[in-house]
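Beneath this line is the structure, given in structure tokens, with notes to follow.
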Amino acid sequence: MNAVVYGAVLVLAGVAAIAVIVHLIRDEIPSDRTFVLLGLVEVALIVQTVIGFVALATTDRDVSGVLFVSYLIGVLVAPPIGAFWSLAERSRGGVAVLLLAMLTVVALEVRLWDIWNAAGA
């Protein structure tokens, strides 16, 4: 796993979560800028997925491939699901779903990092 991409995903997800929290506090629906942030998170996750597949294919670590790939794919689908749900539910609940999606990204990222590093250096 690439530490730079991992850090970028966490920072972008954190910034997006803060933007969503601001919308929750103001009781507003998400703006286009919020969805652009979600798009940036998704682009970083796509890059991470490609790098993760390549790293898994070329490593000599004892990584559980099925578990690692399932987390890579799971974290990849969380932002689009949250975005579609938020667009369908244009209320405070829809905004909360976006926050939940970003928190899911952070939690899955931490777990993904643990799976990779548990296999040894």
Query raised in the report: When the stretch 28-59 is examined, which residues are found to be touching a residue at least 24 places away in the same chain (Cβ under 8 Å), β-branched (Val, Ile, Thr) and under 20 Å from Val77 (Cα atoms)?
Result: Thr34, Val41, Ile46, Val47, Thr49, Ile51
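Condition check ((1) assigned to a helix (DSSP H, G or I); (2) surrounded by 14 or more Cβ atoms within 10 Å (Cβ to Cβ); (3) polar (S, T, N, Q)) across all residues:
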residue: Val4; (1), (2), (3): yes, no, no
residue: Gly7; (1), (2), (3): yes, no, no
residue: Ala19; (1), (2), (3): yes, yes, no
residue: His23; (1), (2), (3): yes, yes, no
residue: Ile29; (1), (2), (3): no, yes, no
residue: Leu37; (1), (2), (3): yes, yes, no
residue: Leu45; (1), (2), (3): yes, yes, no
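Values quoted throughout were computed directly from the atomic coordinates according to the rules given, and no laboratory measurement underlies them. Owing to the predicted nature of the structure, the values given are computational and were not obtained by experimental measurement. In this analysis, Cβ positions are derived from the backbone assuming ideal geometry, glycine residues included, and neighbour counts consider all displayed protein chains.
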